[in-house]
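Quick note: the coordinates plus some simple rules give every number you see, no bench work behind them. The shown structure was predicted, so the numbers you read here are calculated from the model rather than taken from an experiment. Neighbour counts are summed over all protein chains in view; Cβ atoms, including those assigned to glycine, are modelled from backbone coordinates with ideal geometry.
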Amino acid sequence: MTENTSYSVSGFSGEGGFPIPTGLLIGAEWREGREGNRIDVLNPSTGETLTTIADGTVEDGIAAVDAASAAAAEWAATPPRKRATILLACYEAMVERADWLAYLISLENGKALPDARSEVMYAAEFFRWYAEEAVRINGELAMAPAGGNRIMVQYQPIGVSLLITPWNFPAAMATRKIAPALAAGCTCILKPATETPLTALAIGEILRNAGVPDGVVNIINTRKAGPVCSAILHDPRVRKLSFTGSTPVGRTLLKEAADSIISCSMELGGNAPFIVFDDADLDAAIEGAMVAKMRNGGEACTAANRFYVQEGIHDAFVEKLAARMGALKLGAGTDPATQCGAMINPKAVEKIQSLVDDAVAKGASIVLGGKPGEGPGFYYPPSVVTGIPDGAEILSDEIFGPVAAIRTFSDQEQAIAMANDTEYGLAAYVYTADLRRGLQVSERLEYGMVALNRGLVSDPAAPFGGVKQSGLGREGSHHGLIEFTEAKYIAVTW
Ligand code: NAD
């Protein structure tokens, strides 16, 4: 590779960095896209261009399938213990470079360094967890109910997998897919978000150096995500799509995958309710709200989108939350003093503002913030809006920013009805001192994940995923591994 096809992170004074290849990773090599085009990568904290990366074409996408397909049989036949050892080496290599990777994430995503550091550790943990799972892909054996024959089930690698990831967790969304795919014995093609490709490219290089064989992980960035992914999904050698991103793009991809009947795992958008009952521990609820709302500056699919606070505790909750959110320092992600970083792009800031304006026009009140921050970067300050009326778009759309939209409720039935009144069903939060009520409400919430007296659900050991239009399938835990396998049933009499 020539000199101008790698990127060296500037401004980082610690250790662990290396020049990041900015090409396409296909088989054993980093290469340019067939048409030689490049994509700009911006720093959202300043609006400046950091570098450019190779822009893959449809032919490059198929070349990645060739490489993944050529490596598939050998990787599937690699002993689970050996796959586990390589995955553990990936975990260690990421942890060793955690500070540098965190800085890189802050640079291209804009998030505050503490958020980026937590993401790196969370991302690395998927390699450790799936190193442990790789040697526990157990089958099943049962006597058929009629007697005589046995039902034997083996979980075999599903095959070449296309992994598509969003920009909001550029490391964790990639490793949450790569690690279980590799543990199960699958080879893959990663298509990262064009806004944050450098983290994925850096991880690609780390994996190669940690012993992942050529062709097992291929990475293709492209400005033509639709045609490139469509071509990959129509290649009969590809058997799996694992997508994390918005519900509309997920819907399009499900249609693309339908032609070849490809197995799909879809982690889509959210619209999380955060319910606080009168009897909740107020300080604990505020701590939880700060995590559920402000982690990643609100740019999380699990972010609390709608706060439903019972009438008796509402005013105290609003006052304390506004004080805590108002004290956060807004600034460039890479500035160590920053607690709330930049949004990903100007469009994100405009969308947040339009949701706030719509709520205010319909009768809501601004308690904190409510106007974009100063440029040249893409800033929106922590904001609190109360008295959200029925019909406000902020109740039905993902805010994806640091705005807490709050309204009251009077009783448990009303809280459950309002929380479930959405096509989404990813994460929900409940705060109450009454465990019996907390569990009853949790059972009735139509969500894939409920955090009861907690502000965070994510854990590599737990099944992450949504119901309704928030997705299909689960990532993390043993469930995440099974998504990359097919059950093979052998009917046998002996
Ligand atoms: P997005 O849907 O715009 O993009 C996601 C990925 O899909 C990107 O890599 C993008 O380039 C690619 N893409 C876009 N159009 C495509 C097409 N036609 N064919 C193939 N690929 C295509 O989402 P985003 O803006 O990057 O991320 C934010 C969204 O992701 C939010 O809705 C958020 O809730 C969701 N998200 C969900 C989870 C989860 O686990 N459920 C986690 C993180 C983010």
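The distance between label points at residue 434 and residue 411 comes to 1.1 nm (points 7 Å beyond Cα on the Cα→Cβ vector). Take every DSSP beta bridge whose two residues both sit in the stretch 272-459; close to 10 percent of them are antiparallel. Once the Cα-Cα distance is subtracted from the 0.36 nm per residue extended length, the residue 491 to residue 209 segment shows a gain of 97.3 nm.
Let me make sure I get this right: for the chain, a, b and c are the square roots of the gyration tensor eigenvalues over alpha carbons, sorted descending. Under 1.5 in a/c it's rounded, otherwise prolate if a/b > b/c, else oblate. Which is it? Judged from the Cα gyration tensor, the chain comes out oblate (a/c at least 1.5, b/c at or above a/b). Rg of the Cα atoms in the stretch 272-459, relative to 2.2 N^0.38 Å, amounts to 0.96. Checked against a 30 Å cut-off, the cross-linked pairs 191/329; 362/468; 293/362 give Cα-Cα distances beyond that limit for 191/329. Per-residue packing, averaged as other Cβ atoms within 10 Å, sorts the ranges 51-64, 326-339 into the order 51-64, 326-339, beginning with the highest. P(r) tail for the stretch 1-111, what percent of Cα pairs lie past 21 Å? Result: 54 percent of Cα pairs exceed 21 Å. The mean sequence distance of close C-alpha pairs (under 8 Å, at least 6 residues apart), as a share of the length of the stretch 179-259, puts its relative contact order at 28 percent.
Across the stretch 272-459, C-alpha contacts under 8 Å between residues 6 or more apart give a mean separation that, scaled by the residue count, equals a relative contact order of 29 percent. Quick check on the stretch 288-360: take the gyration tensor over C-alpha atoms, sort the square-rooted eigenvalues as a ≥ b ≥ c, and tell me if it's rounded (a/c under 1.5), prolate or oblate. Here the stretch 288-360 falls in the oblate category.
Among 453-461, 483-491, sorting by the average number of other beta carbon atoms lying within 10 angstrom of each residue, highest first, gives 453-461, 483-491.
Modelled spin labels at residue 390 and residue 10, positioned 7 Å past Cα toward Cβ, are 5.7 nm from each other. Stokes-Einstein diffusion for the stretch 380-494 at 25 °C, viscosity 0.890 mPa s, with a Kirkwood radius from C-alpha pairs, works out to 147 µm²/s. The modelled label-to-label distance for the pair residue 28/residue 446, using points 7 Å beyond Cα in the direction of Cβ, is 5.4 nm.
Restricting attention to the chain, close to 45% of DSSP beta bridges with both partner residues there are antiparallel.
Cα to Cα, under 14 Å, and not fewer than 8 places away if on the same chain: which aspartates and glutamates meet these conditions relative to residue 82? Straight-distance partners of residue 82: 74, 132, 133. Reported to the nearest whole Å, the Cα centre-to-centre distance from the stretch 425-452 to the stretch 186-252 is 34. Shape summary of the stretch 307-414, radius of gyration then Dmax from alpha carbon positions: 14.4, 46 Å.
Please work out the Cα center distance from the stretch 321-345 to the stretch 108-184, rounded to the nearest Å. Using only Cα atoms, the two centres lie 32 Å from each other. Spatially, the stretch 254-270 and the stretch 39-68 are offset by 23 Å when compared through their Cα centroids. Converting phi to 3J(HN,Hα) with the Karplus coefficients 6.51, -1.76 and 1.60 and the offset θ = phi - 60°, the stretch 32-46 yields 6, x, 4, 8, x, 7, 10, 10, 6, 10, 9, 9, x, 6, 10 Hz in sequence order, with x at every glycine or proline. Binning all Cα-Cα separations of the stretch 236-358 at 10 Å, short to long from zero, yields these whole-percent fractions: 11, 30, 28, 19, 9, 2. Structural descriptor for the chain: relative contact order 18 percent, calculated from alpha carbon pairs under 8 angstrom and at least 6 residues apart. Work through the residues other than residue 172 whose Cβ is under 14 Å from its Cβ and net out their charges, Lys, Arg +1 and Asp, Glu -1. Neighbourhood net charge equals -1.
Here the average projected area of the convex hull drawn through the C-alpha atoms of the stretch 141-284 stands at 15.0 nm². The dipole here belongs to the stretch 272-459: it is taken about the Cα centre, uses +1 on the Cβ of Lys and Arg and -1 on the Cβ of Asp and Glu, and is about 460 debye.
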